[in-house]
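The structure appears below as structure tokens.
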2 protein chains.
Amino acid sequence: MTDDSTARLATRARELDAEHVSTDRRNAFVLPDGVVYLDGNSLGALSVAAREATRDAVERQWGEQLIRAWNDSEWWTAPERVGNRIAELVGAPAGTVVVGDSTTVSLYKAVHAAARMRPERRVVLTDPDSFPTDVHVTRGVCEQLGLTLELVSPGDAVARLEGSDDVALASYSQVDYRTGELWDLATITAAAHDAGALSCWDLCHSAGVVEVGLTAGGADFAVGCGYKYLSGGPGAPAFVFVAPEHLADFTNPILGWNGHATPFAMSPDHVAADGITRARVGTPPVLGIAALEGALTAYDGLDVGDVRRRSLSLTAFFVECLGGLGVDLPVVTPADDARRGSQVSLRHPDAYAVVQALIARGVIGDFREPDIVRLGFAPLYLSHEDVLAAAVLLRDVLDGREFERAEFATRAAVT
Amino acid sequence: MTDDSTARLATRARELDAEHVSTDRRNAFVLPDGVVYLDGNSLGALSVAAREATRDAVERQWGEQLIRAWNDSEWWTAPERVGNRIAELVGAPAGTVVVGDSTTVSLYKAVHAAARMRPERRVVLTDPDSFPTDVHVTRGVCEQLGLTLELVSPGDAVARLEGSDDVALASYSQVDYRTGELWDLATITAAAHDAGALSCWDLCHSAGVVEVGLTAGGADFAVGCGYKYLSGGPGAPAFVFVAPEHLADFTNPILGWNGHATPFAMSPDHVAADGITRARVGTPPVLGIAALEGALTAYDGLDVGDVRRRSLSLTAFFVECLGGLGVDLPVVTPADDARRGSQVSLRHPDAYAVVQALIARGVIGDFREPDIVRLGFAPLYLSHEDVLAAAVLLRDVLDGREFERAEFATRAAVT
């Protein structure tokens, strides 16, 4: 029966790959042989363009142009230039997105500035199940500003906001990093606005794979990661979005020379730059931005809607494969397309060891506490055939109880 | 006469280069032909090791190891590992320095945390002539914490501190970015301590070229730049130092998962990590750290005292060359070795155009408002022969009034 199922699924995989051929960018990426990489939601794969952009930034721009590269290679304006490219991917207008600091620092800037725009209100909402840095940084801002942090699941946010007048800011992730659940940005934002509050969205697990729709959804602020689906490289600069209507009132809590109206006048008085530039702080991380800018060329000529359709097809097909192959782990991620990001999370009591055993078989995913096998589907470089291969190897790992081997039990320092 | 002078100076240059041969690391760096690079205090030159480290981080670690590199290439612990290497250069013990964010963000963390350690005191001192980002970020912290920013020159800081009881923090640069003046870290720090205040030092223009002496001078906090004399690459991660006695009380204003005691437990409660790790915030900029770590190998086997002696010899010889060649521009930088960093700043009414004309002749320095020709002497890759060549070209630019050419008058976007 299994052989029949596999053959049937293989045919289906080829059909689906043919159907989605226009969004196949596998050749733009460098992936080791024998690997199905299902961790592009943690560290996106290296692309040829990112590799070449970094090499050029180091060897020609830094090495030969030296200080002149700030002008000659337009390093100074790279944060806005790359920000504009990301803006297109997340449904925001030009001039509203800038790259530079880490995601956490970016979130600090956005949450701090947002909360101060509603000074008469004392509550900030965030998700207790957010990626922890979101909770930490928001808690820290609340302590500094004398506000109350209220942990409310995004599923309960609309009810909490309805009829309320105490919330300054609702700060949520569009896609849950652990379960892969996609939350309704427009509905939660509308509820925040109806209650006189602002919204801030963490797009770490949605930028590049979901039709984020910042403008369409009315989002006030957003941040996102450069190194997950955008494949900008390890620790790539994050981005911050400020809606056009808030730019004039945006007060960066970290006042630096890069956010100054006239940075080279070297004046000790701070005058915030116009527009999104005021969200900049220090000298931009040029090498990281170069890699990210190169990586983003993988989206050239692609419609995010088509990428999203490919992503949904890949994740749905993976679940279909699990069913067809008789793998009966609980699927944590919603089956409903409208509620699913670009990942499939499975539950297993030995999830850590299962992930290690899968890695030994060439299927790289990751483990998340307490019992989640988390598999991310970066649509640009994964095919339906890859997805089937991963499902078959997962079946083998489970059927052969490979995860019970002692070598897979020891936790690495970074999991 | 000039030919005689030049010949005499050339002999002297060769003698000095022979005397300082043990600190010559020119072959470790990649510099374009025909360039004397006197801007290593703005963007340090590319080294072979930085180039190779970045290439390895991109192509092998990211490209092949992918997510496994966090363990296999020890990315996770790189901020502390590279911090420890910098600690050696600035006279600090292991476990007190970490790299990661930009200089401005690092200063925000240090100044914010320091000011909160003296809650009963309402004044923060800083230098009105600091690099502006220092003033901006400190002013922002003061506004947030309800403190008073008092702009006091480092030359007046001891008098201001004496007998006072209102100062929480004295925050100064060890070397003035514009004039190159070296301030006395130990004396100002002692005055701060006598007045019950803390000190924070910006080492951007001293790390790697001055015997900084953080521990010897009793400094409480410090930050510094990775991309100037340390040659870590454009926008390289900065570093932050917290003295051992303050680590337990250091409260990072930006609470992120990288500063958490158990980041992978994914707990929404924030428990600060022990030691300097609590000064971390978000995911580290791995590519930037790789370049910086490579660059720092240029210091392997070198004593900072010897590097300092070479630096002083280079800057003193440059001034000697100006005298010998009849260049009579006012020298802004102190002649006294004890008060001079690793640069020589000259005053000229057409300073911007002079710098442009020098660049056209292959001598790369920079301009600083309002009338400063700023020349930095990165000791590891500059020789006394380079210094003489630069002085000769400066004389030619001035004697030939080359700076009056129209093409040198137009300001570039980034100056």
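The values are calculated or read from the model by the stated rules, or taken from the named source; none is laboratory data. All values reported here derive from a predicted model rather than from experimental measurement. Note that each Cβ is placed from the backbone with ideal geometry, even for glycine, and that neighbours are counted across all protein chains shown.
Output the residue which, of all residues in the range B:76-130 that are in a loop (DSSP other than H, G, I, E, B) and among the β-branched types (Val, Ile, Thr), is farthest from the other protein chains (Cβ to nearest Cβ). Taking the candidates together, the pick is B:Thr96. Of everything in the range B:252-265 that is assigned to a loop (DSSP other than H, G, I, E, B) and over 13 Å from A:Arg139 (Cα atoms), the residue that is farthest from the other protein chains (Cβ to nearest Cβ) is B:Ala261.
The requirement of being in contact (Cβ under 8 Å) with a residue 60 or more places away in the chain and closer than 29 Å to B:Lys228 by Cβ is satisfied by A:Gly100. I'm checking my understanding of the structure. Among residues of the range B:266-290 that are under 29 Å from B:Tyr227 (Cα atoms) and facing chain A (nearest Cβ under 7 Å), which one is surrounded by the most Cβ atoms within 10 Å (Cβ to Cβ)? Ranking the candidates gives B:Leu287 first. Scanning the range B:19-30 for residues that are assigned to a helix (DSSP H, G or I), under 17 Å from B:Gly305 (Cα atoms) and touching a residue at least 60 places away in the same chain (Cβ under 8 Å) yields B:Glu19, B:Ser22, B:Thr23. Scanning the range B:46-75 for residues that are at the interface with another protein chain (Cβ under 7 Å from one of its Cβ atoms), buried (at least 22 other Cβ atoms within 10 Å of the Cβ) and more than 22 Å from A:Asn41 (Cβ to Cβ) yields B:Leu46, B:Thr54.
Being small (Gly, Ala, Ser), in contact (Cβ under 8 Å) with a residue 12 or more places away in the chain, farther than 25 Å from A:Arg118 by Cβ and assigned by TED's automatic domain parsing to the domain that holds A:Glu59 narrows it down to one of A:Gly288, A:Gly256, A:Gly275, so name that one. So the residue among A:Gly288, A:Gly256, A:Gly275 that is small (Gly, Ala, Ser), in contact (Cβ under 8 Å) with a residue 12 or more places away in the chain, farther than 25 Å from A:Arg118 by Cβ and assigned by TED's automatic domain parsing to the domain that holds A:Glu59 is A:Gly288. The residues of the range A:23-44 that are touching a Lys or Arg at 6+ places or on another chain (Cβ under 9 Å) and of a type outside the set (A, V, I, L, M), listed by number, are A:Thr23, A:Asp24, A:Asp39, A:Gly40, A:Asn41, A:Ser42, A:Gly44.
No other residue among B:Val363, B:Val332 is closer than 30 Å to B:Thr187 by Cα, of a type in the set (A, V, I, L, M) and either within 14 Å of chain A (Cβ to nearest Cβ) or touching a strand residue (DSSP E or B) at 6+ places or on another chain (Cβ under 8 Å) (or both) apart from B:Val332.
Across the range B:318-345, the number of residues qualifying as without any contact (Cβ under 8 Å) to a residue 40 or more places away in the chain and either buried (at least 18 other Cβ atoms within 10 Å of the Cβ) or under 25 Å from B:Val209 (Cα atoms) (or both) comes to 7. Filtering the range A:64-95 to residues that are among the polar types (S, T, N, Q) and within 22 Å of A:Gly301 (Cα to Cα) leaves only A:Asn84.
Of the residues B:Gly324, B:Gly305, B:Gly376, B:Gly341, the single one that is in contact with a Ser or Thr (Cβ under 8 Å, 6 or more places away or on another chain) and farther than 26 Å from B:Glu404 by Cβ is B:Gly341. Checking the range B:1-18 against the condition returns no match, with no residue being touching a residue at least 60 places away in the same chain (Cβ under 8 Å) and within 30 Å of A:Val286 (Cβ to Cβ).
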